[in-house]
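Reviewing the structure listed below.
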Amino acid sequence: MSPTRNCLAIVLAAGEGTRMKSAQPKVLHEVGGQPMLAHVLDAVGGAGAHSVAVVVGPGRDEVAAAARKVAPAAQIFVQQERLGTAHAVLAAKAALAAGADDVLVLFADTPLVTPATLSRLRGALADGAALAALGFEPADATGYGRLLVVKGELVAIREHKDASEDERRVGLCNAGLMALSGQHALALLEAIGNDNVQKEFYLTDAVEAARKAGLKAVHVLASAHEVMGVNDRVQLAAAEAVFQSRKREQAMREGATLIAPETVFFSHDTKIGRDVLIEPNVIFARGCTIEDGAVIHGFSHLEGAHVRSGASVGPFARLRPGTDLGRGAKVGNFVEIKSAQVGEGAKISHLTYIGDASIGAEANIGAGTITCNYDGFNKFRTEIGAGAFVGSNSSLVAPVKIGEGAYIGSGSVITQDVPAGSLALARALQSEKPGWAARFRTAMAGRLKKRP
């Protein structure tokens, strides 16, 4: 796409989504840990849109806020009445009037469309079309509008309810997404009437308006998966499945090994390096970066974590937001880490909670260790120096510092700083009572004999 062509993207996000059975607006339901609206805004950005207009329903401030989170400069327009898709686009008339070479019109509940496909739509405009509609060929065309093509040109888009029997036999369907020449967009939209079964202003009628004006209309083909719309929870799950399949394939093609890909789940922003090994049943929530050569063992859950080269996680580990795992570090089974920096080569092998802490390089944290970081009101940090050794079943009551190379005896409750190279023991002295066990058993056996 020529960098000299500017593009306005109009994203329609005014649908109610009653079939979602949710208090949350439909377009804010998530695929890959990100609202569907955000996926669409990312796609238009990737396709080179210079400006974005989002059309929302009345009182949908949360939708507007979500849009601006992804596209801070987005203009927000309100469709006060729901009188059809063309009416929704014209709610952004001020943005259209400002002028653009290309105008993309998208729906916020179509989260899987790619920048490459939107660029192909724009390319059709650059090649001389005044309108380019996105089409697909579903296994079952029932309910979809049909693209009517004659000699390679699009002559009409017919809604299913308005289509004749012959038109309903056409397998090429309307995906809803459209590109319009900025020079003609406003005139085409304003020429649309509502002479149809539902008495609505259909965006699809822009095709016939273009033909009447002697302008060229064409279609661009996409896969059925890419243009999947989401109207209920079943379709949301189907979109999630397609998204995950894409991410898994991307990770493997870029050099990661997924032993059982269908059991690994990614977020929209997951970054996976080369030669990463991911075992079965791993979940990456938002904000994860896994560098080259790291190993993520099975049944681990990561969110907001940075795992550096050669580090190992799990199995059955949980890395929460703010975890930064150093090169070659090890986090083993049933370990939970939150808001903590773990130094290069450090080991936290099993059954441990590390929160609000920094762990020095090559430190060893024994099984059952807890950083006691919360007093019910505030969080406090624990600092453990390089090469320190924390014995099993220790409680480190923050705020506290363990110096470099220090040793913490197993079972200790540490409440004061420990100097570098020191040994700290904080537990009661062991006492013994010789012969006590035999006397106890004898007494218990006598009581049992006396019972009726």
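Does region 145-297 come out rounded, prolate or oblate, given a ≥ b ≥ c as the square roots of the eigenvalues of its C-alpha gyration tensor, rounded meaning a/c under 1.5 and, failing that, prolate meaning a/b above b/c? Prolate. Mind sorting out which of (i) -0.72, -0.81, -0.99; (ii) -0.80, -0.91, -1.11; (iii) -0.55, -0.69, -1.02 is the real log10 I(q)/I(0) by the Debye sum over Cα atoms at q = 0.09, 0.10, 0.12 Å⁻¹ computed from the coordinates? Correct label, based on the coordinates given: (i). Distance from the alpha carbon centroid of region 36-74 to that of region 133-192 works out to 25 angstrom.
In whole percent, what relative contact order does the chain give with Cα contacts below 8 Å and a gap of six or more residues? Relative contact order comes out at 8 percent. Classify region 233-424 as rounded, prolate or oblate from the Cα gyration tensor: take a ≥ b ≥ c as the square roots of its eigenvalues, call it rounded if a/c is under 1.5, otherwise prolate when a/b beats b/c and oblate if not. In terms of gyration-tensor shape, prolate. Annotation for region 1-50: trypsin sites (Lys or Arg not before Pro) lying in DSSP loop with at most 13 further Cβ atoms inside 10 Å of their Cβ are Lys21. Residues whose amide H comes within less than 5 Å of that of Tyr144, counting only those at least five positions distant or on another chain, are absent (H built at 1.01 Å from N in the peptide plane). Taking the longest Cα principal axis of the chain as reference, the axis of helix 36-46 is set at about 70 degrees.
Over all other residues within a Cβ to Cβ distance under 15 Å of Phe334, the charged ones net out to +4, with Lys and Arg as +1 and Asp and Glu as -1. Between the amide H of Gly411 and those of Ser392, Asn393, Ser394, distances stay under 5 Å, these residues lying 5 or more places away or on another chain, with hydrogens modeled in the peptide plane. The aspartates and glutamates whose alpha-carbon is closer than 18 Å to the alpha-carbon of Lys212, local same-chain residues fewer than 8 away aside, are Glu153, Glu190, Asp195. Rounded to the nearest 10 degrees, the inclination of helix 115-126 to the longest alpha-carbon principal axis of the chain is 20 degrees.
We did not get these values from a lab; they are worked out from the coordinates using the rules stated. Because the structure is a prediction, the values reported are computed rather than measured. Note that each Cβ is placed from the backbone with ideal geometry, even for glycine, and that neighbours are counted across all protein chains shown.
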